[in-house]
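Asker: The structure that follows is given in the form of structure tokens.
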Amino acid sequence: MEEQAGANQYLTFELDGEIFALEIAKVREVLDFTTVTRVPKMPAFMRGVINLRGSVVPVVDMRLKFGLPPADRTVNTCIIIVEIEMDGEMVALGALADSVKEVVELEAAEIEPAPRIGARLGTEFIRGMGKREEGFLILLDINRVFSNEELAAVQLADECPAKG
């Protein structure tokens, strides 16, 4: 598949009524919500781990990671399996989302730079704002959503044996 110059594809998903987007190249698959095994002493946003075809995959509640209120699980709740770079290697991570919307294509001209909101609100993980007729998409840089310390905790969870 040849990539078009100037256009990027993004998987859009919803969290608390806002639409976020991830570069499609970082998304491995989308799963229906499944049982998540809790791992002790993990940060609150770390829901636990799932068994994905024999591999232990940490699952992060994106609502909690972004300081949004927790939500009850619905039929639309899903886990987006993404690949992030950590210490030079690719690591699978599950991102819990309210729902997945669609794959959209954005031209470079349709992407605004991330807003500068001041030092208190970290926006370094926002790649930009995608302009759509119905508003904006918050384009995430999945490699910057988590700090090194958080990724180390995720990797620790990855090394714990999964049940089930």
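Bear in mind these aren't lab numbers, they're just calculated from the coordinates by the rules spelled out. Just so it is clear, the model here is predicted, and its values are computed rather than measured. Heads up, the Cβs are rebuilt from the backbone with ideal geometry, glycines too, and the neighbour counts pull from every protein chain shown.
Asker: Report the label-to-label distance for T34 and E85 in nanometres (one decimal), using points 7 Å from each Cα along the Cα→Cβ vector.
Answerer: The modelled label-to-label distance comes out at 2.8 nm.
Asker: Would you calculate the separation in nanometres between label points at Q9 and A25, each defined as 7 Å from the Cα along the Cα-to-beta-carbon direction?
Answerer: For the pair Q9/A25, the computed spacing is 1.3 nm.
Asker: List the GluC sites (Glu not before Pro) within the range 40-118 that DSSP assigns to loop and that have no more than 10 neighbouring Cβ atoms inside 10 Å.
Answerer: none
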